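First the structure, in the form of structure tokens, and then the observations on it.
The values are calculated or read from the model by the stated rules, or taken from the named source; none is laboratory data. In this text the structure is predicted, and so the values were computed from the model without any measurement. So basically every Cβ, Gly included, is an ideal-geometry build from the backbone, and we count neighbours across all protein chains shown. Quick note on the areas: whole protein, heavy atoms, side chains included, nothing else; ligands and nucleic acids left out. Shrake-Rupley method; radii C 1.70, N 1.55, O 1.52, S 1.80 Å.
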Amino acid sequence: MSNKPFSFDLEAPDFIPSHYDNHIQRNLSNMAGQYQDQEAYEAMVSDEDTLLYQVYELKRPELAGEILHGVSIVHPGKVGNEYFMTKGHYHTVLETAEIYYTLKGQGYMVMETPEGDWAVEELSAGSVLYVPPRWAHRSINIGSEEDLVMFFAYPGDAGHNYATIETQGFRKLVLEIDGQTKIVDNPRWSQPEGI
Ligand code: F6R
Ligand code: ZN
């Protein structure tokens, strides 16, 4: 991999990087067990394996001094009354942070620590979110028609731990109830052990 400086463009309306090395696509079938309404999930998956979100990555060596970065795009939609969202994860190296800059759309970042603290921050075009070390994070698109598009950057050695979230989800769910976006307790959640 070259160690020369480089630049690329992020341009409206799509904000797909003009250069990228990796394109990840996650569909409904990659989210088994993540949505609260299992019946709605099964019905949707058997009908069509809808694309939920995409990530465009610029590859860099996975070293502490590097900064991994790219663009994530969460499409609009719901499973039952729960919005389309990313899987969410802790960083394997817990003491690593992340920055998100929202380029387009409306949403929430749901976050929590192994100690049981939680936070939900709004995401809208032009807002910058700092996710401190130790905070697991999941992005959620609450828009009815628009993509939620964000630029992200995090330390090269962070790594991803999906297993804890896959087991029990996040402490808080973001649902649409009577046409309103609500943050509610996740009944499946309990304090994680041994992260
Ligand atoms: C990297 C990061 C984002 C996410 C992306 C997809 O540390 O937080 O680039 O990877 O938003 O979400 P996940 O990885 O949870 O499927
Ligand atoms: Zn992350």
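Among (1) open to solvent by less than 20 Å² (accessible area, probe 1.4 Å); (2) more than 19 Å from Val55 (Cα to Cα); (3) among the small types (Gly, Ala, Ser); (4) within 16 Å of ligand 2 (Cβ to nearest atom), which single condition is Gly116 missing?
Gly116 satisfies every listed condition except (4).
Among the residues of the stretch 96-113, how many are open to solvent by 30 Å² or more (accessible area, probe 1.4 Å) and more than 14 Å from ligand 1 (Cβ to nearest atom)?
2
Of the residues that make up the stretch 143-159, is at least one small (Gly, Ala, Ser) and without any contact (Cβ under 8 Å) to a residue 12 or more places away in the chain? Even if it seems obvious, please write down each step before you answer.
Just the residues of the stretch 143-159 that are small (Gly, Ala, Ser), to begin with: 143-144, 153, 156, 158-159.
Within this subset, residues satisfying the condition of being without any contact (Cβ under 8 Å) to a residue 12 or more places away in the chain are none.
No, the stretch 143-159 has no match at all.
Which of the residues that make up the stretch 63-97 are assigned to a strand (DSSP E or B) and under 22 Å from Gly143 (Cβ atoms)?
Of all residues in the stretch 63-97, those assigned to a strand (DSSP E or B) come to 67-74, 78-79, 82-83, 85, 89-91.
Those that are assigned to a strand (DSSP E or B) and under 22 Å from Gly143 (Cβ atoms): Gly70, Val71, Ser72, Ile73, Val74, Lys78, Val79, Glu82, Tyr83, Met85.
Can you name the number of the only condition in (1) at pLDDT 95 or above; (2) part of a loop (DSSP other than H, G, I, E, B); (3) not acidic (Asp, Glu) that Tyr100 fails?
(2)
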